[in-house]
Each structure stands twice: as structure tokens, then as C-alpha cells.
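Novice: Can you keep this structure in mind? I'll have questions shortly.
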Number of protein chains: 2
Amino acid sequence: MKMRTGLAALLSACAIGAVSTAWAATPPPMDSKALEAKFDAQIDPAEMGGWLKLLAAEPNHVGSVHDKTNAEWIAAQLKSWGWESKIETFDVLYPTPISVNLELVGGPGAPFKATLQEPPIPGDPATNTKDALPAYVAFQGDGDVTAPLVYVNYGMPEDYLALERMGISVKGKIAITRYGGGWRGLKPLLAQMHGAVGAIIYSDPKDDGYATDDVYPKGAARPPHGFQRGSVADMPIYPGDPLTPGVGSTEDAKRLDRKDAVTILKIPCLPISYADAQVLLASLDGPVAPVNFRGSLPITYHIGGSAAGGQVHLAVKSDWSLKTLYDVVGTLKGTEAPNDWIVRGNHHDGWVMGASDPLSGQVALLAEAKAFGVLMKGGWKPKRTIVYTSWDGEEPMLLGSTEWAETHGAELKAKGVVYINSDGNGRGFFRAEGSHDFQHFVNQVAADVKDPETGVSVGERARARLQVVAAEPGASEQAKAAGKAVSDPSKDIPLGPLGSGSDYSAFLQHLGLPSIDFGYGGEGESGGVYHSLYDDYEHHSRFVDPGFAYDAALARTVGRAVMRLADTDLPVQRYGDFADTVSGYLDEVKKLADSRRDEARTQAKLLAGKAYGLAADPTHPHADPAPLAQSPTLDFAALDGAVGKLKASSRAFDAALAAKGQGLAKAQRAKLNAVIKPLDQTLLRPEGLPGRPWYMNVVYAPGRFTGYGAKTLPGVREAIEERRFDDAQKYVGITAQALTDYAANLDKATAIVNGG
Amino acid sequence: MKMRTGLAALLSACAIGAVSTAWAATPPPMDSKALEAKFDAQIDPAEMGGWLKLLAAEPNHVGSVHDKTNAEWIAAQLKSWGWESKIETFDVLYPTPISVNLELVGGPGAPFKATLQEPPIPGDPATNTKDALPAYVAFQGDGDVTAPLVYVNYGMPEDYLALERMGISVKGKIAITRYGGGWRGLKPLLAQMHGAVGAIIYSDPKDDGYATDDVYPKGAARPPHGFQRGSVADMPIYPGDPLTPGVGSTEDAKRLDRKDAVTILKIPCLPISYADAQVLLASLDGPVAPVNFRGSLPITYHIGGSAAGGQVHLAVKSDWSLKTLYDVVGTLKGTEAPNDWIVRGNHHDGWVMGASDPLSGQVALLAEAKAFGVLMKGGWKPKRTIVYTSWDGEEPMLLGSTEWAETHGAELKAKGVVYINSDGNGRGFFRAEGSHDFQHFVNQVAADVKDPETGVSVGERARARLQVVAAEPGASEQAKAAGKAVSDPSKDIPLGPLGSGSDYSAFLQHLGLPSIDFGYGGEGESGGVYHSLYDDYEHHSRFVDPGFAYDAALARTVGRAVMRLADTDLPVQRYGDFADTVSGYLDEVKKLADSRRDEARTQAKLLAGKAYGLAADPTHPHADPAPLAQSPTLDFAALDGAVGKLKASSRAFDAALAAKGQGLAKAQRAKLNAVIKPLDQTLLRPEGLPGRPWYMNVVYAPGRFTGYGAKTLPGVREAIEERRFDDAQKYVGITAQALTDYAANLDKATAIVNGG
């Protein structure tokens, strides 16, 4: 679901402050070399390519015939490889378009009717399908509006601040935003919050089109009439079925009235192509757009919003009936600890054919499952239970994973060890994000997977990349910090934190199950066809992962991780890494508080001196910024204390386990497991995050105003960002308590290791 | 000559490290309020507009009829206002185009013939002229070549490093570069150094066209067929007539053979419009251009350079005869110190009509001159001699000012107090760069000139702007430092250093005469018509300075500065500001040395670990970077000592002058003046800078590879940048000696003030 491109993907694995101590050179914690070699030998890229062709043959959106066919085929394959497998269904709200319409009805260039369909590509017969959804975003609000058009750049909070300074309001208007700069769903939501009556999202060729590469079919980039579908539900409030927050959408579930479902947008919204957007944008008058608003269309970008500029008619009507999801769940029962579950998932629904997103990850999951089948035939059996899940309805709003996780929440809290996810995949560099107690484990896995292109380990290649990018002229401060963090090869590559945008969210942020998301990318670009008709087998095999080498590498990576987790006798976690990372996050949050205070002081001084007026061009509309609330000094003592305790407790546990772990008797190991398995659930607080109680994890969350992007220590960090200083102080305490509880449980575990 | 746009102009006045102590609240150093009010009252924007219309009525390039007519008219005006005035002529090499030709002869889009002429603009009759020079850059090397085209971005050193990493060579090819990123003349020069046989420079709409504003005539920006003329002589070696380095191009001057004139390019070069460039760039194949190479044309930018991509035929033939320059020199003889000269200049030649560049500054100069005439009729006479100069031939290579300065070098060294320059001007913010002993003086002048738009002083407005820009979200580190430097209103706004790009160069960098360059800009954008046919009266009066309010403000600013300098009894300089600024430069240079050392070490480590290969996409051409020379540890002790001495001596002088200056007898003042007047000449060292002995100032120079951009402590700084570490160490000593001599002279001055 989430689009990742190039360097950003790699760097996301390198949050500042996540520095770990030396351990990387030690061998994997289990003697499994031969088994893993046998596993690797089963991974057949050609066979995976065949599966991909089959699964991506037709549109796979929720409710489509082919999506259900795929679920049935996946379930059958699992069964044929020796897995218990079943399909679990859920009935969810999922609107499908009945009619969509967008016209320029006034201003230069009018009348003009937007295309809203993606034309087939010569030489790529699969794009001739008639079953693709038209231009459409899920969970927008139906409506029929005509209003002046106003260009709001990426449509993010800082863009509205800039517009305010220019004296521009979107109230009563239709906002046109470009993709990028933040999560799609925030764009129409923020437009709505600012009073817009409709929203349009287009892909500017600067970010996603001819400026980035030759367009498909010559190259991988988005062609002029391609557009990006997607979900615009208010995911940062809660994902899953808007009608059943917190509970599974089972047949008998209690459902909200649609009008009460807060995650559904209230205004109509459509995504469009840059060919169509150019006509709309060229119709705008008003001020010339500031530098950071300008894309790569051959026009002068204006803000518009006036009666003389472009006037737009936007109408969307949807079928709001419930649709059925088909989640596939396969199980290999553990021999020693059947109630310890290693859960691994990847979704199977796509916006159209979805070859790269998500089926490239789905065929890796299938290759792993088949390989485990072969190993079982050879006599291997996992000690813990392995649960393989193929989710439906991820694209509209993580529907399949969320409803399943909510339905089986109690069981997952009792049995879940870890959730491992993948999604769309491509050629390039290894990346992983996840729970930091697994940082060292992830590095060990990456050290043992060979990169298809260079022959070194995928970990070594990722490390080289980070260092080279940091050494490039003009490298950002973030890139330099990331390069520095990996310059000592005896230290692990820092893991990035998880926000949202794929199926781990409910597990990590609602149930407290530690999670890891794996993938490859950054070379074969899939961004150009993301969520479009053109994300098909032909495009994936020509541009994104020729020869399916990295889809196979993903299978070898995740399969290895699953196998090690299923067979380990002792915890693979290293809690010192988690403590160090959280300590780094606390440093960031304190710096943020200081800079927010400085900003407010500086702004007050500038306002008092009328500096904004003096600095403005009086011939352009301009206004002083709204005065910022002055910041109180926050008291971080509770968090300082909790992080100190966490560091001490985690070091004590890591040391004890390293010293005495191998000597633990089976009963002691079971006692230890009973403490460790639910440990990350102590990061959940029952009140959840401010305004969004579904998100209960006080260390990891998607940002309220970043969407996919992670916010760590979110209760504190976001409150400071948004100048809700009372919330900030309150969540200092709440977060400190969670970390203190976590440390106390670690102390219990240490006592067990030490013979308690 | 030099183009400044928006914020960059303002920030150039704010080099880091140039922090001064509090003095700003003190009154101007002479009792002149009434006189200055009378001066201001003479400045008539409407009259200035009339002059501008007259002067910009026809093309004014060197050798044109109208350029000579203007010189004669200016001389006559000065005379009519009571000045002694004369025209001094020089015979300089100045090539004019006989024929220019550029065609795409192979590859997609061929055949195509570039326009190379700027079409007239409907509604702007002045653009119907037939006398404009065609697409042309002065001092390129004639030639007729056909070769593959290769796109080299801005054509700066870092671009060639990037191309090298991509495995791309320009050898035997024609390089197409875009304007921006560095001085024009370096683009074909660096192409030539890398083996190209021809060069093309175009204005990309991202930097200079529809992406920046609506194009002329709807807005101020460059229209599709507009192009930027200019000089491509190797100015950083020496400016002025290529045949007479270091001496005036008088009738009997000894001239080099043209083939021996190293500042003339050896390959043909033409500037073109973006309408033409789009066809050429679209013809390229090869790798997709990296992100920072991409402009705003609606194409995928490729690097090209192959046999299958665009092939270009480029031919230029010039008339290389000598042409005559007409410098106007007007004098008001000083009553008390006729041999102390305050020299003020602005050029009168343009690339075409040159309304904004340079005539907007020229009409300010004229308004000042007329106002002085009125003051004289009222009985005022300057104590020192005022010399007003209107230069010819600035555009081709600072010809008029350089040849005049070289011709009168000995007299200027004996009599010159300061050189004050202006050039093109526009609506917006005050800016000044110059010799830092005048930093406080410049701030005092800016505190007493009222901003036409806001009514506050232009200094206060500039300060507000710097602070607001620094407070904007996403402000650069440089902007933040600049904002911080001016946040205390009791401290002066730091002055930026002078590089090159206008007529101060010979005075400051060859003769050691302290110099200041004044101007306004950043709101009314002149960039879009820079050096084109469209820089005319209509464009200037509609977009750049409606009502000529800022051209008038320039006259009030420079006239005030000239008057104060002409009438002061005591030095206005504050040497502590110079010392503090140089100390800041030394800190920068030391940091640079450290970072160069770190870079080389990091690169060696990455090369040894084969990291560049691992980080590269193996399906794209890539190569390891060339190994950097490891840096020795430089010994900065000599400079540390010299700067320490300079600080102590300057503080002692400033304190002595403040305490005892008012009590000095006339004879003592004369003794003091005899030490102070030539003081900045101690910054000249006879050996000059490495490889460019014409530039003798070891504190201020244009960069060898930045062109207009200043390099301070250039002998040391550039040597470190280019890893010429022996030169760096040598120039630590040479620069230290200059500063030590400077301090010793200051000590002499202090002794005089203290009664010696």
C-alpha cells in the first residue's frame, strides 16, 4: 500500500538516535545453516514469476471476482504444500464508484472534461482490461459541487500556513493538491478542515511522471493519463472498517451508522492524471505559487481561488453496500510451543492488477510457504506455530488485517510472539523497520542473505549505500547522521520505526505485538505506476524486478527470519537496543520542545516589531502569521527516570541472557517466555493517544498529520508539535509509566534467567 | 552585469562571521541633516524615468551608435550641472558576431535550426529594434563543429564529478549547460577543460522562465524565445581587455597577440532560449539525468552523449577588430583635500537596451550628480574631490572601468579614498557588499534612507527581512545564521564581501582601493529579462521598479554616502569590524580544512571497502570517484597570530579615534589621513593569487571556480578547496604578512591619534 521510492526507503531504516552496541559478528542464535541452505534452494524466481503472472492477470480490488479467485487459489496452494489453511471472511463497508465526474466549467480553458480513465498501453495487452476501477479514492464523501479551484500544493499543514500568510482561503472552494509530502488521506481531510467543499489530488510529473524517468512503456514512470487511486479514510484515527472500530467486522458485529463513522471523509474527492491537471492548473489566476509549490508542468503555477480563474464541477456517487473480504490463513503447528505464534502476512488485494503492489510480496510469501512444505516433507517441524496470512482489503484501509486482528485480539495477545510483514517489493536495497528489541535479530538475518546483484550480504550492501549517500556532496544532515551511524561495521544498522501504510498496524499499535516490515527497493522503480492500471506483470518484470531476483531475496529474508523465530529456544530480542533507541527519541523530543519554544519567542518578537509586514512585498497579498501559543517549560523528569530505568533493566537482562541463557532448563525457558512474549504489550496504555484511542502504543504510531510516517513517543511528540502542552505533560507521565512497567517486567525476566 | 534575484541578493549582505559591535545608534559622523534633506529633495523619480526612457531607447552595446550617444549625453548633462566632465576613450578587443548557427543534425527531432533571435513583443514597440545583437557570448572562440550533444547541468565542477561517476565524458562532444549554479563564463571554460569542442548555454524555465513567474509581457519572466547574452572571457584570471592585462588599452599600449590572450575561450559557444533548448534536450538518450540536473521543461532530461542521440552543428564567426570605449568622467574638485578622491561609478553599456541593467543604476548616478549641482549652486562644496564615472564596456568584461583603473593606477593609489559602485537596480530590499572597514558606515547610511514602500529606514527593513526569512519553516542554515546575526538591533547588519561581476573589481582587487557596491532588489524581478532584448523601459517601469521609487532610493543612498565621505573630517572606517570579519573567515577556512581532510579519509575508506560499487545500481553506468589527495595538517599559526594582532590593533585604533578624534588638529588629521587612505593597499601582495597574479588582494577575490561569487582569504581558501595544500600553506604565510602589515599601519595611525 505504502509507496516507497529510492533513497527514502533506505533511509527510513535509519532513525537518528538508534545506535546499538557491538554484537553483529556473532553467529545466528541457532544452528540452522544446513536447514537454511535447503530452504534457499527451494526459492525459484521463475516459479514466482509464473505465480505473479497468474495472480496479476486481472484487477484484484476488493469485491472483484479475481480477488476472491486469488484468495481461493492461495488457500489451495498452502493446503497442497502441507499447511492447514482456511479463508476467513469479513463483511466491511467498502464503497465502489457508481459515477465520477470532473469538469472545468469556468475560467481559461473551460469547458473541459477530465478523462478519469487510464488508456491501455500499446504492447501491454493486460492494460486492455475493462474491470479496472475508474479514478477514485476510497472513503471519500459523495457529493456534487461547483466552486472556484484553488491550488494548495501538497495540501499539508505547512501549506495552509503559507496560504494563510498569502491571504488565501480555501473556504467554499475546491482544493487541488499534488501527491507527495505526506499521506494521501490527509490532503482532502485538511482541505475539509479548512472549509473546502471538494478536493482533487493529482500526480505532478516533478514527483511522479516524466521528470523522474521516461514514462511507461518506454520507461518506468507514470504516463500522462495515469493516476493514483488509494484510500482517504482517516487512518490516523483508526484503520479497518469505519463501521466497526476496535472490533472485527464479523457477521454479527455491532456496526455504526455510516454518518457516525468519523474516518469517512465528508467532501467529494477524486484523483486525476497530470494530463488533466495541467488544464485545471493552467486555468488558475491569483498569486504566482511560491517556489516550493511548483511542479514540473510547463506552466506558471498560480494559486487561483478567485472568481475569474478556474471554476470546477466535481461529482462523485458511490455504492456504499457492505462487501466481503477473503483473508487466507495458513498454519504450521509448532511441536514444542504450539501456543507461540509467529505471524507473517502480505496482502493480496490490489488497486488494479497490483503486480508490484502487493503481489511481488505475495509471491515471496508463497515461495516461503512452499519451501517450508518441502522442509516438512524432509522431517523438519517448527518448534513454534507459524501462521501465514494473505490479507484482503489492505488497500482501502488495512481492512483484512485489522478486522482479523480485532476479531482474534485476545488470542493474539496470548499467543503472538511477533508479526512479520511485507508488501510491494522491488530491485535494490534491503530495508526493514520494526520494533527495536528485534534490531539485532534483523541485522543478523540481513548478514546471511546474499544480494542478487553484488554477491555480498544484503546488510553489507545497505550499509555501503548509507555510507556512500552520506559522503555525496550536498548530503542532507539526516543522510550524514545515517551514514555516521553505520560507519562502524561492528555496530548494527539502526532499524527505522513503524508508522502505518501496511498490515502491521493493528498488531503493533492496537495489540502490542512486536512487528517487523521487510522489503527491497530503490533501484527498480515501481513508483511510476503505483496504484494505477499500469502496475502489471509486464511493468514489474521489465522495470521493477527483472528476473524476480529481489522477490526471491525477500522470500529468503523473511523465510529465514520466520524459521529462526520459530525454532529459537531463547529470546532473540536485545532490549538494550530498544532502550538506546527510546533514549534517542527522548532526546529528539526535548530538542523539539526547545525549538518550539524558540519559534514562539522569535515569532512574538517579530510580530511585535511588525517585521512580517516589513519583510513582505506590499504588492502581493500578505498577512502576519497567527500568533503561536507561548510554550511552557515541560517537565521531562518522569521520562528521564523511566528511560534511565529502562536502560539499566535492559542491559541487565541482555547481560544475564548472554551469560546464562544457554544453561537454562526447559521449565525456566518457559517461565522466561511467559514474561517476554507479552512484554511489548506494556507499551499499550488503555487511554490510547489523544483523540485517537484505537492507537494504544505510546512508543510507535503513525503521525496524526503525517499518516504513514511514524511518530515515536507520539503522545508527547505530537502534542509538542501541535502546541497542546497540557497533553504533552500528561503523556510524559503516561509514557513514563509504560516504560517503567516494561522495565519492571524485564527485571522479572532477568530474575528468571538468574535462577529466580 | 551580475544578476541578482530575490533573497539571494539580500543574503549576500550577510556572510557568516561578520559580526560587529554596537555603534549603530550613534548619529552620522557629520552635521549634515539639512544638507542631506536638501539633497533628497532634488531626487525626482519622474525625471529619472524620463532619462531612463531616453537612454534605453536603442541597443547600447559596445560599438553601437546609441552607446556613444549616451556617453556624450551623460557628459553633457554633468557639464550642465556644474561638473568638470570629459570622455576618456580606450581601444579594446571586442568581438562582434558576423554569423552564428546552431542546428540539430542528427537524433530524434532532427533536422532543427535554432532561432538565435528574440522576437518582438506585441505591445512593446521598443522590442521591434533591428540593432540588437543576436544570440552571442563575448570572447567565445570562433569555430565550426559538429558533434554529439551532452547535457552537463550547470556545467560546474561538481557536475563533472557527477558525470565522471556516471561514466560520461564530454571529450570531443558539444556540452549543453543551463544558466545558474555559477558564473556563465565558467560553463564553456570547464567544458573546454574537459575536452568539449563546443558549448551551449540555455535558460531553463525552472531557473529563469515560466516556472518562476508569468512570462513577459503578461509577467516579468523570460519568454520562451528570450536568451541571455553575456561575457565568457576568463574573468577570474583577469578582467578588462584580454590583450592588455594590467595596463590601460590606450592608443599606444603594448598588446598581446590574440592567440596569447589566455582569457579568450578556445571553443565556440552560444546562448539559446528554452524554446530551442527543449528540442535539443529532447533529442538526447543515455542515462536519465540525476535529480539535481532536472529543469522544468516538459521532458525527461537525459544526459546524451551517444551516437544515437542528438548531434549538433555549432558555428560562430566574429569580427575581432578593436572597438572604442567611451568612459565618462566627471569631477567636483574638493576644497580642503583635492587629492582625496571619492570615486563613484555605474556603467552605461547594455547587452541590448539595458533598462534595468545597467541604466536603472545610471539614472541614480545622474540624479545624484544633478543634486550635487544644485547644492553647489546653493554654496556647498565638497571638502574632498568627488569623481563620477559612467563606464562603457562593463558587459563584455568590465572593460571601461578596468582599463581606466589600470591607466590611472598610480594616481588612484595615491588619491583614492574609496570606490562606490552601483549597477542594475530594482524594487525591494537594500543590499550592500564591500570592504568591512566601511561596514558601520554603510549601516549608518542605511539607517537614514527611508524605504519607499514601508516608510521605515531601508536598514530596518533589510533587518526585518533577514529575521523573517530565518524564521520561515525550512530556512537554510545560512539563512538562520544571517537572521541570528541581525537579531540584536544594536548591532550592525553584516556586510557581504565583494567578488566580481561589476566595476569595483579593478579598484578593490587590483589597486587595493576599498570598495562598496550598493543596490536594491528582491521584489520587482528583473532576472527574467536579464541580458535580453526585453530588458527595456517598458519592462523596467512595469515590473522592476514602477514609479522609479527604488531607483530614486538608490540615488538617495549612494548620494548620501558620497556626501558624507566627501565632507568627513575624520575616517569613517571602523577597523574592528574588518578584524572581526577576517577572524570569522579564518574560522571558516579552518573548518574547511578539517572537512576536506575528513572527506578524503572517508572516501579512502569507502574506496577500500568497494562501497561505491556496492551502492551503485549495476544496470546504470557507474564508476568509483577519482581518489582524493589525502590532506596534510595545515599550520595556521601565522594567520592566527596575524589575526590576533589585527584585532588588537584595530580595537586600539577605533578606541583612540572615538576618544580623541574630535580633538585632532588639522595637521594631525592630515597625517592620519596619509596613513589611512592607502591602508587597504597593504592587502595587495605583489605575487597575486596562485595562477592569477592580476588579483593581488589576499582578503577579497572572485572565486576561480565561482566567478562572481566572492572568495575571502582566497589564496588559502581556494587552495584548500582544490586540494593544493602546498599553495594553501604558502598563502597562510603571505596572507598573514599582509594582515600583519595592515595592523602595523593601524598602529601608526593610532600613534598619530594619540598625539604621536
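The values are calculated or read from the model by the stated rules, or taken from the named source; none is laboratory data. These numbers come from a predicted model, not from an experiment. In this analysis, Cβ positions are derived from the backbone assuming ideal geometry, glycine residues included, and neighbour counts consider all displayed protein chains.
Novice: When you scan the range B:560-582, do you find a residue that is farther than 30 Å from B:Ala337 by Cβ and either in the same structural domain as B:Ala56 (by TED's automatic domain parsing) or in contact (Cβ under 8 Å) with a residue 40 or more places away in the chain (or both), even just one?
Specialist: Checked the range B:560-582: no residue is farther than 30 Å from B:Ala337 by Cβ and either in the same structural domain as B:Ala56 (by TED's automatic domain parsing) or in contact (Cβ under 8 Å) with a residue 40 or more places away in the chain (or both).
Novice: Answer with yes or no whether A:Leu297 is farther than 21 Å from A:Thr407 by Cα, away from every other protein chain (no Cβ under 14 Å), modelled with pLDDT of 95 or more and surrounded by 19 or more Cβ atoms within 10 Å (Cβ to Cβ).
Specialist: No; evaluated as a whole, the condition is false for this residue.
Novice: Considering B:Asp159, B:Asp142, which residue is away from chain A (no Cβ under 14 Å) and not hydroxyl-bearing (Ser, Thr, Tyr)?
Specialist: On the way: B:Asp159 fails: away from chain A (no Cβ under 14 Å).
Answer to the check: B:Asp142.
Novice: Check A:Asp437 against each of (1) over 30 Å from A:Ala355 (Cβ atoms); (2) surrounded by fewer than 24 Cβ atoms within 10 Å (Cβ to Cβ); (3) modelled with pLDDT of 95 or more and name the one condition it does not meet.
Specialist: (2)
Novice: Could you say whether any residue in the range B:182-189 is over 18 Å from the mean Cα position of the chain (by Cα) and more than 24 Å from B:Ser505 (Cβ to Cβ)?
Specialist: No.
Novice: Also: Write out, first by first residue and then by second, each pair whose Cβ atoms fall under 7 Å of each other, whose residues are 6+ apart or on separate chains, and whose first residue, in the range A:441-468, is under 21 Å from A:Ala41 (Cβ atoms) and facing chain B (nearest Cβ under 10 Å) while the second is of a type in the set (Val, Ile, Thr) and assigned to a helix (DSSP H, G or I).
Specialist: Note: pairs meeting the criteria are A:Asp451/A:Val458.
Novice: Can you list residue pairs whose Cβ atoms sit under 6 Å apart, with the first residue in the range A:101-125 being within 14 Å of A:Ser283 (Cα to Cα) and touching a residue at least 24 places away in the same chain (Cβ under 8 Å) and the second being of a type in the set (Lys, Arg) and assigned to a strand (DSSP E or B)? Count only pairs 6 or more apart in sequence or on different chains.
Specialist: Partner pairs satisfying both residue conditions: A:Glu103/A:Lys113.
Novice: Then there's this: Among the candidates B:Ser85, B:Ser64, single out the residue that is of a type in the set (Ser, Thr, Tyr), under 30 Å from B:Asp257 (Cβ atoms) and surrounded by 17 or more Cβ atoms within 10 Å (Cβ to Cβ). Outline the logic, then answer.
Specialist: Numbers: B:Ser85 fails: under 30 Å from B:Asp257 (Cβ atoms).
None of the other options fit; the residue is B:Ser64.
Novice: Can you confirm whether B:Ala199 is over 24 Å from B:Ile303 (Cα atoms), at pLDDT 95 or above, within 29 Å of the chain's Cα centre (by Cα) and surrounded by 17 or more Cβ atoms within 10 Å (Cβ to Cβ)?
Specialist: On the way: over 24 Å from B:Ile303 (Cα atoms): no; at pLDDT 95 or above: yes; within 29 Å of the chain's Cα centre (by Cα): yes; surrounded by 17 or more Cβ atoms within 10 Å (Cβ to Cβ): yes.
Considered against the rule, which asks whether it is over 24 Å from B:Ile303 (Cα atoms), at pLDDT 95 or above, within 29 Å of the chain's Cα centre (by Cα) and surrounded by 17 or more Cβ atoms within 10 Å (Cβ to Cβ), B:Ala199 comes out as no.
Novice: Also, I was wondering about something else. So in the range B:180-219, with the set limited to residues that are within 14 Å of chain A (Cβ to nearest Cβ) and of a type in the set (D, E, K, R), which one is nearest to B:Leu314 (Cα to Cα)?
Specialist: B:Asp204
Novice: Can you pull out the helices (runs of 4 or more DSSP H) entirely within the range B:1-119 that have at least 1 residues that are at pLDDT 95 or above and more than 25 Å from B:Gly354 (Cα to Cα)?
Specialist: Ranges flagged: B:33-42.
Novice: Hey, another quick one. Which one of B:Glu433, B:Glu411 is in contact with a strand residue (DSSP E or B) (Cβ under 8 Å, 6 or more places away or on another chain) and outside any loop (DSSP other than H, G, I, E, B)?
Specialist: B:Glu433
Novice: Next question, about the same structure. So which residues in the range B:375-422 are without any contact (Cβ under 8 Å) to a residue 24 or more places away in the chain and hydroxyl-bearing (Ser, Thr, Tyr), if there are any at all? Quick ask: steps written out before the conclusion?
Specialist: At the first step, the residues of the range B:375-422 found to be without any contact (Cβ under 8 Å) to a residue 24 or more places away in the chain are B:379, B:410-411.
Residues satisfying the conditions do not exist here.
Novice: Can you spot a residue in the range B:493-502 that is in contact with a His (Cβ under 7 Å, 6 or more places away or on another chain) and more than 8 Å from chain A (Cβ to nearest Cβ)?
Specialist: Yes, some residue in the range B:493-502 is in contact with a His (Cβ under 7 Å, 6 or more places away or on another chain) and more than 8 Å from chain A (Cβ to nearest Cβ).
Novice: Pick from the range B:221-272 the residues that are assigned to a loop (DSSP other than H, G, I, E, B) and within 14 Å of chain A (Cβ to nearest Cβ): which of them is surrounded by the most Cβ atoms within 10 Å (Cβ to Cβ)? Explain how you work it out, then say what you get.
Specialist: Within the range B:221-272, the first condition is being assigned to a loop (DSSP other than H, G, I, E, B), and the residues that meet it are B:222-229, B:232-257, B:261-268.
Filter once more, keeping what is within 14 Å of chain A (Cβ to nearest Cβ): B:222-224.
Numbers: B:Arg222: 29, B:Pro223: 24, B:Pro224: 18.
Checking each candidate, the answer is B:Arg222.
Novice: If you take the residues in the range B:610-643 that are within 14 Å of another protein chain (Cβ to nearest Cβ), in contact with a helix residue (DSSP H, G or I) (Cβ under 7 Å, 6 or more places away or on another chain) and surrounded by 15 or more Cβ atoms within 10 Å (Cβ to Cβ), which one is modelled with the lowest pLDDT?
Specialist: B:His622
Residues are listed down the side, and each one gets a yes or a no for (1) more than 18 Å from A:Tyr731 (Cα to Cα); (2) of a type in the set (Ser, Thr, Tyr); (3) part of a helix (DSSP H, G or I); (4) under 25 Å from the mean Cα position of the chain (by Cα):
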| residue | (1), (2), (3), (4) |
| --- | --- |
| A:Met563 | yes, no, yes, yes |
| A:Phe578 | yes, no, yes, yes |
| A:Thr581 | yes, yes, yes, yes |
| A:Ser595 | yes, yes, yes, no |
| A:Ala600 | yes, no, yes, no |
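Novice: Give the residues of the range B:350-397 that are more than 20 Å from B:Pro338 (Cα to Cα) and either outside the structural domain of B:Ala337 (by TED's automatic domain parsing) or part of a strand (DSSP E or B) (or both), sorted by residue number.
Specialist: Hits for the range B:350-397 are B:Ser390, B:Trp391.
Novice: Just one of (1) under 30 Å from A:Gly661 (Cβ atoms); (2) touching a strand residue (DSSP E or B) at 6+ places or on another chain (Cβ under 7 Å) trips up A:Arg560, so point out which.
Specialist: All conditions are met except number (2).
Novice: Counting only residues that are assigned to a strand (DSSP E or B) and polar (S, T, N, Q), which one in the range B:300-340 is surrounded by the fewest Cβ atoms within 10 Å (Cβ to Cβ)?
Specialist: B:Asn339
Novice: Run down B:Gly496, B:Gly524, B:Gly512 and say which single residue is on the phi > 0 side of the Ramachandran plot and not β-branched (Val, Ile, Thr).
Specialist: Just one listed residue meets the conditions, B:Gly512.
Novice: Select from the range B:471-486 the residues that are under 15 Å from A:Ala611 (Cα atoms) and within 8 Å of chain A (Cβ to nearest Cβ) and list them in ascending order.
Specialist: Once the filter is applied, which keeps residues that are under 15 Å from A:Ala611 (Cα atoms) and within 8 Å of chain A (Cβ to nearest Cβ), the range B:471-486 yields only B:Ala471.
Novice: Residues in the range A:662-675: is at least one loosely packed, with under 14 Cβ neighbours inside 10 Å, touching a residue at least 40 places away in the same chain (Cβ under 8 Å) and within 17 Å of A:Glu721 (Cβ to Cβ)?
Specialist: no
Novice: Could you pull out the residue among A:Glu164, A:Glu158 that is surrounded by fewer than 22 Cβ atoms within 10 Å (Cβ to Cβ), out of contact with any Leu (no Cβ under 9 Å at 6 or more places or on another chain), without any contact (Cβ under 8 Å) to a residue 12 or more places away in the chain and of a type outside the set (Gly, Ala, Ser)?
Specialist: On inspection, the qualifying residue turns out to be A:Glu158.
Novice: While we're here: Which of (1) aromatic (Phe, Trp, Tyr); (2) touching a residue at least 40 places away in the same chain (Cβ under 8 Å); (3) out of contact with any Gly (no Cβ under 9 Å at 6 or more places or on another chain) does B:Trp81 not meet, given it meets every other one?
Specialist: Result: B:Trp81 fails condition (3) only.
Novice: In addition: Which of (1) closer than 17 Å to A:Ser502 by Cα; (2) at pLDDT 95 or above does A:Gly707 not meet, given it meets every other one?
Specialist: (2)
Novice: B:Pro188: in contact (Cβ under 8 Å) with a residue 60 or more places away in the chain and in a helix (DSSP H, G or I), yes or no?
Specialist: Details: in contact (Cβ under 8 Å) with a residue 60 or more places away in the chain: yes; in a helix (DSSP H, G or I): yes.
Yes: the conditions hold for B:Pro188.
Novice: Just give me the residues in the range A:603-623 being touching a Ser or Thr at 6+ places or on another chain (Cβ under 8 Å) and assigned to a loop (DSSP other than H, G, I, E, B), in sequence order.
Specialist: Answer for the range A:603-623, where residues must be touching a Ser or Thr at 6+ places or on another chain (Cβ under 8 Å) and assigned to a loop (DSSP other than H, G, I, E, B): just A:Pro618.
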